[in-house]
Each structure stands twice: as C-alpha cells, then as structure tokens.
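Enquirer: Here it is, the structure in full.
The values are calculated or read from the model by the stated rules, or taken from the named source; none is laboratory data. Only a predicted model underlies this, so the values are computations on that prediction, with no experimental measurement involved. All Cβ positions, even for glycine, are placed from backbone atoms using ideal geometry, and neighbour counts span all protein chains on display. Remember, those area values only see protein heavy atoms, side chains included, never the ligands or the DNA or RNA. Shrake-Rupley method; radii C 1.70, N 1.55, O 1.52, S 1.80 Å.
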Amino acid sequence: MHIIQSITLGITQGLSEFLPVSSSGHLILLPWLMKWKGHSLDFDIILHLGTLIALIIYSGQYWISLIKSGIISIKKRSVEGYPERKIFWLVTISTVPSAIIGVLFKHRAETLFRNPLTVGLTMGIFAIIFFIVERLGKKEKKIHEIGYSGAFVIGLLQMLAIVPGISRLGITIISGLALGLKRKEAAEFSFLLSAPVILGAVLLKSGDIFKLLSSDGITVILAGLIVSALCGILAIKYLLSYVKHHNFNIFMVYRVVLSLAVVFIYILRR
C-alpha cells in the first residue's frame, strides 16, 4: 500500500467513524471506486485504533469520571441522584449485545457483506429509515432519562452495524432518537458507546495488529493511524456542534447520493 492511500483511508475512517455515514462502508467503497488493491481487515482495525485515540483525547476525562461513578454505584448499591452512575450502567447494558455478536460473528459478517453493491444499497435504505425516525422522534430526553430496557434495545440494534453501510453511530443515534433523546444527547451517547466497541475490536485483533505494525510498511501504517486520530477529533467536535442547531438530513442526503452513485458505477462496470 502506498502512503497516499494509507493517509486517504485514514482521513476517510477518521471523518466517517463519528458521522452517521458508515466508516466500514467507506473503507470498502473507496478502494473499489479508486480501483486500488484491497487492504486487509487488520488495517481497518488499525484505523479504528486511531479513532479510539481520538475518543480518548476528546472524552478521556469524562470516561474516568464515569468509571469512578460506576464503582461508587456498586459500593453504594444505588444510582439515585447522580446521572453519571446511571449513564455508566446504560453504556454497559448497551455494550453487552454488541460484545457478544462481535466475538461470534463480526469477522464472518464483515467478510460476507463486503460487496460494494451491498454496501451501496444498505447506505440508501438506512438513510430513508434514519430520515423517518429523525422526523418522528420527540427529542426531549437526556441520556440518563432513558430506561435500562431502552439501553438494551439500543445495544441490540447496534448489532446491525456489523453489516458495512449501516453505520454503528447512525443506528445508535436513531435508536436514541426513537426513545426520545435530544439530537445532541443521542450523538453523545453514541460516542460513549463507541469507546468500548472499538476497544473490543482492537483487543480481538491485537495479535494481528502487532504483526502488521512490525512489518516493513510501518511508516505507511502509522501515517494512516495518526491521520485517522486527528480527523476523528475534528469529526467529533463538528458533529456535536452541528446537531445543536441542525438535524441529520444533510448526512442522509449524502448517503442517498452515494448509494445511487455506487449502484450506477457498479452496473457500468459489469
């Protein structure tokens, strides 16, 4: 892989991981559109490690506070009066289904659905679903106001994100909106769920990652990793700032346009 390709994929991963447009889908479509030689899933995980670093930089302090609150809630056997205590358990409950499906089926699903046409169609279909839910959601609750059953439902739906093109961030955001969360709250909860999910994926593939990092192309790999982290920070700040005053329609229009373009190009190349 050329360093330009690594940087381009790093930019793509960093920006799309924290926007409801599917980073895994983009990492499949971009090399296909550019007619690049396919890269390994291990490299995808390294790019995800970059976005995990972005999350740590952006919300590391809050995570420390959240974990402390969770420990205190266990000692006190209560979550009353402290939103962070409940949020800790909401995140934990939402993460469990994804952890299970990640261990059992993630590699198979990502391999099975890595066809560009499938990704393109999924992009468009999910955009329509997102648009409908975004319009119907009440958007009045804060994170700690959703129930544990709601958190579990979000976790179950998050499992769908193993299919490239759906978007893990997107599915958790629309799940939150359907449960009545405000746009910014839904986005923030999705970011919180990102950390354990990405960390789990990195740990599952840690052996392969170390092998790849010890290869001759270490400079190329690190370039993608660093760029992914930097662009991830920008994407987080942009989305949280944007959704304070806007809906998600611009991202849905982008998904539909990309979907139509992919289907058109796929047909032309047949």
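Enquirer: For Thr95, indicate whether it is open to solvent by 20 Å² or more (accessible area, probe 1.4 Å), hydroxyl-bearing (Ser, Thr, Tyr) and over 23 Å from Phe251 (Cβ atoms).
Expert: Spelling it out, Thr95 is indeed open to solvent by 20 Å² or more (accessible area, probe 1.4 Å), hydroxyl-bearing (Ser, Thr, Tyr) and over 23 Å from Phe251 (Cβ atoms).
Enquirer: Could you say whether any residue in segment 226-248 is under 29 Å from Leu104 (Cβ atoms) and touching an Asp or Glu at 6+ places or on another chain (Cβ under 9 Å)?
Expert: yes
Enquirer: Evaluate the following for Leu33: is it within 17 Å of Gly165 (Cβ to Cβ), among the hydrophobic types (A, V, I, L, M, F, W, C) and over 21 Å from the mean Cα position of the chain (by Cα)?
Expert: Yes; evaluated as a whole, the condition is true for this residue.
Enquirer: Let me ask something else about it. From Val133, Val163, Val119, which residue is under 13 Å from the mean Cα position of the chain (by Cα) and either of a type in the set (Gly, Ala, Ser) or over 14 Å from Ser94 (Cβ atoms) (or both)?
Expert: After ruling out the rest, the residue left standing is Val163.
Enquirer: For segment 1-26, name all the residues that are hydrophobic (A, V, I, L, M, F, W, C) and free of Cβ contacts under 8 Å to residues at least 60 places away in the same chain.
Expert: Hit for segment 1-26 is Ile4, nothing else.
Enquirer: Hey, among Lys237, Lys205, which residue is more than 27 Å from Leu41 (Cβ to Cβ) and modelled with pLDDT under 90? Spell out how you get there, then give the answer.
Expert: Values: Lys205 fails: more than 27 Å from Leu41 (Cβ to Cβ).
Exactly one of Lys237, Lys205 is more than 27 Å from Leu41 (Cβ to Cβ) and modelled with pLDDT under 90, namely Lys237.
Enquirer: Please identify the pairs in which a residue from segment 54-70 that is closer than 14 Å to Phe88 by Cα has its Cβ atom under 7 Å from the Cβ atom of a residue that is open to solvent by 80 Å² or more (accessible area, probe 1.4 Å), counting only partners at least 6 apart or on another chain.
Expert: Ser69/Tyr82
Enquirer: Please tell me if Lys68 is among the basic types (Lys, Arg) and in a helix (DSSP H, G or I).
Expert: Considered against the rule, which asks whether it is among the basic types (Lys, Arg) and in a helix (DSSP H, G or I), Lys68 comes out as yes.
Enquirer: Here's a follow-up. Any residue in segment 46-64 that is polar (S, T, N, Q) and surrounded by fewer than 19 Cβ atoms within 10 Å (Cβ to Cβ)?
Expert: Looking for residues that are polar (S, T, N, Q) and surrounded by fewer than 19 Cβ atoms within 10 Å (Cβ to Cβ), one finds at least one in segment 46-64, hence yes.
Enquirer: Can you tell me how many residues within segment 30-45 are modelled with pLDDT of 80 or more and either assigned to a loop (DSSP other than H, G, I, E, B) or open to solvent by 40 Å² or more (accessible area, probe 1.4 Å) (or both)?
Expert: Summing the residues that are modelled with pLDDT of 80 or more and either assigned to a loop (DSSP other than H, G, I, E, B) or open to solvent by 40 Å² or more (accessible area, probe 1.4 Å) (or both) in segment 30-45 gives 6.
Enquirer: Kindly provide the set of residues from segment 6-20 that are closer than 22 Å to Met123 by Cβ and open to solvent by 10 Å² or more (accessible area, probe 1.4 Å), ordered by number.
Expert: Thr8, Ile11, Thr12, Leu15, Glu17, Leu19, listed by residue number.
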